[in-house]
Each structure stands twice: as structure tokens, then as C-alpha cells.
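Worksheet: the structure to be examined is printed underneath.
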Amino acid sequence: KNQVEQSPQSLIILEGKNCTLQCNYTVSPFSNLRWYKQDTGRGPVSLTIMTFSENTKSNGRYTATLDADTKQSSLHITASQLSDSASYICVVSGKRGGADGLTFGKGTHLIIQP
Amino acid sequence: DAGVIQSPRHEVTEMGQEVTLRCKPISGHDYLFWYRQTMMRGLELLIYFNNNVPIDDSGMPEDRFSAKMPNASFSTLKIQPSEPRDSAVYFCASSLTIGNYGYTFGSGTRLTVV
């Protein structure tokens, strides 16, 4: 069964600090992996997408990595800001995923404290 | 473009009542998805449409749930009769294509059934 596991479930860090969120998946065959940011009371918004051949991709202070061999991805946030407080959801695409080919993680809830 | 528009933003209803959630997708997007999000299960796909036609409704939990898309600019998700376990945030998303290519999500409808 395709699964996407995210860790930690929740995280609290001080403003200005860095953090790394993890995503492990068992989706096979793998197509791509996308990270979403979901602010409280809003829908998820895409941050970045990783394909099989990509190891690292940056979007401002967000850097995603992918290791297709170990089926792991991480999202690193540098110099965190209060606006980074949100849930971060990892979504993996594979031919045997959900009806739309996607398997969703349950997310990491990140809180940035001043 | 105003994005994906959902209404209402919040709905509180009594058990047994009918609930109708509404969605206006982004113009030109051929795919429309209905998701349900809970703390326990995360985001779950309920049903999706392609060119107004329901393609897969295997995620619809029970016959109490139904969805329609009478035209390219409007979709509804109806729950009749509603039950307390239906309490969740319901998201509508639209996309140009299917797969992990970046869905645009609405802001969701928070449904509380008491």
C-alpha cells in the first residue's frame, strides 16, 4: 500500500532558526513529489516539486531535497520567519496512488515563536 | 483570476440536515477535485471531475455524499443527511491536468455537524 509518512508531526522553533521537515514514502512506481504549505484557515499552496532526477531544489528560503533510492525527501527552512508558521504537506505521485495518482502525507505543523 | 472560490467558509448544522458546499473553479481548468481534511486522516480525495464528468468517486464515504458539476464553472458537494462524523474541512481544487502538477485549492469550507 502506498504511504507517505511525515515527521515530526509538530515542531516549534524560534524565529530566525533553521529547521528540516522529513517525508518518507513507499509510493512505487514514483513519478514526483511536491511540498505544499498550508496556512491556518487556507488551502494548501505549492512550494516546490521534485522529479526523479532532481536532488535539490530551492524556492527562496525553502530548499527541498530528494533521495529516490532511500525514498526520502526533506524540506529545509532557513532563517525562519513568523509567516512560516503553517502545516507543510508532502504529496507523492505514483501510478498506484489514489484515484488521482496522489498519496498525501498528514503534514508537519510548524510554529515559529518570536 | 480570483482563484478557486468556495462557499460558505463555515457551516454549522444539526445532525440529519442537508448540507450543500459550493465551488467555482479557475476558468480553463479541466479538472475539479473535492477533498476532505481531518486531523486524523489528513487530506483525502472524495471525487474528481474532468470536463464536468465525474471520473472517480471511490473516495466518497457513503451514499449520503453526492457531487455534481452542471457546468465548467460550478460544482456542489451535498451531504444528506449529515452526521457529526462528517465534521471536517472540505476543499475544492482545480487543475489544468491530473497528477502532481500543482492543484489550486480553495480556502475550504469548515463543516461542523452538531
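Readers should treat all values here as calculations from the given coordinates under stated rules, not as data from a laboratory. This structure is a prediction, so every number in the text was calculated from the model and none was measured. As a convention, Cβ positions derive from the backbone with ideal geometry for all residues, glycine included, and neighbour counts pool all protein chains shown.
For this structure, a couple of remarks:
- Theoretical FRET efficiency, 1/(1+(r/R0)^6), r = Cβ-Cβ of A:GLN9 and B:ARG85, R0 25 Å, to 0.05: 0.65
- Near the amide H of A:SER28, within less than 5 Å, lie the amide hydrogens of A:ARG96, all on another chain or at least 5 residues away, with H placed in the peptide plane.
- GluC sites (Glu not before Pro) lying in DSSP loop within segment B:1-74, provided at most 15 other Cβ fall within 10 Å: B:GLU14, B:GLU18, B:GLU62
- Nearest-0.05 FRET efficiency for B:MET40 and B:GLU18, computed from C-beta distance (R0 30 Å): 0.75
- Here the simple spin-label model places points 7 Å from the Cα toward Cβ, and for B:VAL114 and B:THR76 these points are separated by 2.5 nm.
- Taking chain B as a Gaussian network of alpha-carbon nodes connected by springs under 10 Å, the highest mean-square fluctuation of the residues B:ARG36, B:ARG64, B:ARG85 belongs to B:ARG85.
- Cα centroid separation, segment B:35-98 to segment A:41-114: 23 Å.
- Choice from B:TYR35, B:TYR48, B:TYR101 showing the highest fluctuation, given a GNM over chain B with Cα pairs closer than 10 Å: B:TYR101
- Equivalent ellipsoid semi-axes, chain B, via Cα gyration tensor eigenvalues times 5, rooted, Å: 22, 14, 13
- Taking the fewest neighbouring Cβ atoms within 10 Å as the starting point, the ordered list for A:LYS37, B:LYS24, A:LYS17 is A:LYS17, B:LYS24, A:LYS37.
- Listed residues B:ASN51, B:ASN71, B:ASN100, most fluctuating in chain B (Gaussian network, C-alpha, under 10 Å): B:ASN100
- Spread of Cα-to-Cα distances over 5 Å intervals beginning at zero, given as percent, for the protein assembly as shown: 1, 7, 14, 18, 18, 16, 12, 7, 4, 1, 0
- For B:LYS78, a cut-off of 20 angstrom between C-alpha atoms picks up these lysines, skipping any fewer than 8 places away in its own chain: B:LYS24, B:LYS68.
- Karplus (6.51, -1.76, 1.60) ³J(HN,Hα), θ = phi - 60°, over segment B:88-95, in Hz, Gly and Pro reported as x: 4, 9, 9, 10, 10, 9, 10, 7
- Dividing the radius of gyration of the alpha carbons in segment B:5-63 by their Kirkwood radius gives 0.98 for Rg/Rh.
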